[in-house]
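Written out below as structure tokens is the structure these notes cover.
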Amino acid sequence: MPAKDAPEDFGQRLHHLREQLAATGADAFVETFLVNIQYLTGFSGSAGTLVLTPKASVLLTDARYTIQAREEAKSVRVQIVKGSVLDTAGTMLKRAGRLRMAYAPSRMSVAQRQKLSRSAGAGVRWVQREGIVEGMRSVKDGKEIAIMQRAIRIAEESFTKVLPLIRPGVRENDLAAEIEYRMRKGGASGPSFDTIVASGKRSALPHARPTEKCIKKNELVVLDLGAILRGYCSDLTRTVFVGRAPARTRGWYRAVQEAQQAARAAVRDGAKALAVDGAARAVLAKSGLGRYFTHSTGHGLGREVHEAPSLSRTSGDHLRAGQVVTLEPGVYVEGAGGIRIEDDVLVQANGSEMLTKLDRDLLEL
Ligand SMILES: [Mn+2]
């Protein structure tokens, strides 16, 4: 089968992971974070532990997943465990001899770690290795990007279908429900996060939850939505005005739009993520809106709706070709309202490709 038509190459991912572990002086690895396990093996169950020793790659799970694990995780040995998965994993490590065992402290609970080391015994030396799988995940291959483009399309189509419903008298909750229903009907397995519909003064809350509040004339409405397709997330925000927007609101909108354009112009392989954030921030500062931009410019997008890299003021990340990041500057003025425009962008060698195709000019409904 030619590579580009092949399903996700889990064997290749495991091989790549082993190379990276070796480069950091580790010869074994344990993963309990399910998102990483699915990326590495294809297994989509809700319980499991992946163990890599110098000689074996083993997915341990329980009897609920006997059939599913063998169907999904073909590049590893599947072991169905009757008792405690972690105890069994630890015992397996004990038998494997002396190991330098890498694990990511941010992805493993203290209780999991204690259970593993208790049954693994003194022959295993535990070494902390943060972000190895997340680093691999952040750079997408063509197949992953194609799936993400479809996830974006589902969100865009849902937004477009719901647009005629945004009118005075409609509740925020109803719009959020309609958006999520449309995404499901469009093929999504679910929303990437709880859909945000925030109107009027509530639009100044960047992460508002939809409420029973009815939309009124002459209000801003922020809609932030995303679809999950085959495990990959999209993330999209549009802000609309119900009625004719006053000059001040148009000015804010234009500034946010320009901030997003400036951020996009800074996106390319090798760019400092904080420089992308800085480009957006500089535009808003110049418009006198700097203090109303209260969050970071964007984040990586993939199997998690927020993943590496971080496009923030303090980020130490460098962008790499193949990463998909959001660009989502905003202004939030207490008592008045908020505006955010969010699109998903693919980092390329000399620039970027805008994956979101939806128009981003101010919509007056
Ligand atoms: Mn986002």
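Taken together, the values in this text are just the output of simple stated rules run on the coordinates, not laboratory data. Predicted, not measured: the structure shown is a model, and the values here were computed from it. Every residue, glycine as well, gets a Cβ built from its backbone with ideal geometry; the counts of neighbours run over all protein chains shown.
Condition check: within 16 Å of the ligand (Cβ to nearest atom), of a type in the set (Val, Ile, Thr) and free of Cβ contacts under 8 Å to residues at least 40 places away in the same chain. Does Val197 satisfy that? Yes; evaluated as a whole, the condition is true for this residue. Looking only at the range 277-294, decide whether some residue is loosely packed, with under 15 Cβ neighbours inside 10 Å, within 15 Å of the ligand (Cβ to nearest atom) and within 24 Å of the chain's Cα centre (by Cα). Yes: the range 277-294 contains one or more residues that are loosely packed, with under 15 Cβ neighbours inside 10 Å, within 15 Å of the ligand (Cβ to nearest atom) and within 24 Å of the chain's Cα centre (by Cα).
Of the numbered criteria (1) out of contact with any Asp or Glu (no Cβ under 9 Å at 6 or more places or on another chain); (2) over 30 Å from Gly142 (Cα atoms); (3) within 15 Å of the ligand (Cβ to nearest atom), the one Gly330 fails is (1). Selection over the range 303-319 of residues that are touching a residue at least 60 places away in the same chain (Cβ under 8 Å) and away from the ligand (no atom under 12 Å from the Cβ) gives a count of 3. Tell me whether the range 320-327 contains one or more residues that are within 16 Å of the ligand (Cβ to nearest atom), closer than 29 Å to Glu219 by Cβ and surrounded by 16 or more Cβ atoms within 10 Å (Cβ to Cβ). Within the range 320-327, one or more residues are within 16 Å of the ligand (Cβ to nearest atom), closer than 29 Å to Glu219 by Cβ and surrounded by 16 or more Cβ atoms within 10 Å (Cβ to Cβ).
Residues in the range 314-356 that are under 17 Å from Glu258 (Cα atoms) and of a type in the set (Lys, Arg): Arg340 only.
For the range 226-235, residues that are closer than 14 Å to His306 by Cα and either touching a strand residue (DSSP E or B) at 6+ places or on another chain (Cβ under 6 Å) or outside any strand (DSSP E or B) (or both) total 5. Looking at the range 207-219, can you tell me whether even one residue there is on the phi < 0 side of the Ramachandran plot, among the β-branched types (Val, Ile, Thr) and more than 16 Å from the ligand (Cβ to nearest atom)? There is at least one residue in the range 207-219 that is on the phi < 0 side of the Ramachandran plot, among the β-branched types (Val, Ile, Thr) and more than 16 Å from the ligand (Cβ to nearest atom). The residue of the range 223-239 that is surrounded by the most Cβ atoms within 10 Å (Cβ to Cβ), among those that are of a type outside the set (Gly, Ala, Ser) and within 13 Å of the ligand (Cβ to nearest atom), is Leu225.
Within the range 10-25, residues that are closer than 18 Å to Val58 by Cβ reach partners that are charged (D, E, K, R) with beta carbons closer than 8 Å, at six or more positions or on different chains, in the pairs Phe10/Lys74; Leu21/Asp27; Leu21/Arg129. In summary, helices (runs of 4 or more DSSP H) completely within the range 42-133 and bearing 1 or more residues that are in contact (Cβ under 8 Å) with a residue 12 or more places away in the chain, of a type in the set (Ser, Thr, Tyr) and surrounded by 17 or more Cβ atoms within 10 Å (Cβ to Cβ) occur at 85-95, 110-120. With respect to the conditions (1) in a loop (DSSP other than H, G, I, E, B); (2) farther than 19 Å from Arg150 by Cβ, His299 lacks only one, and its number is (1).
One line per residue, one yes/no per condition, for (1) closer than 22 Å to Lys357 by Cα; (2) crowded, with 18+ Cβ neighbours inside 10 Å:
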residue: Ser158; (1), (2): yes, yes
residue: Gly169; (1), (2): no, no
residue: Glu172; (1), (2): no, yes
residue: Ala177; (1), (2): no, no
residue: Gly187; (1), (2): yes, no
residue: Gly190; (1), (2): yes, no
residue: Phe193; (1), (2): yes, no
residue: Ser199; (1), (2): no, yes
residue: Ala204; (1), (2): no, yes
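Considering only residues in the range 170-214 that are part of a loop (DSSP other than H, G, I, E, B) and of a type in the set (A, V, I, L, M, F, W, C), the one that is farthest from the chain's Cα centre (by Cα) turns out to be Val170.
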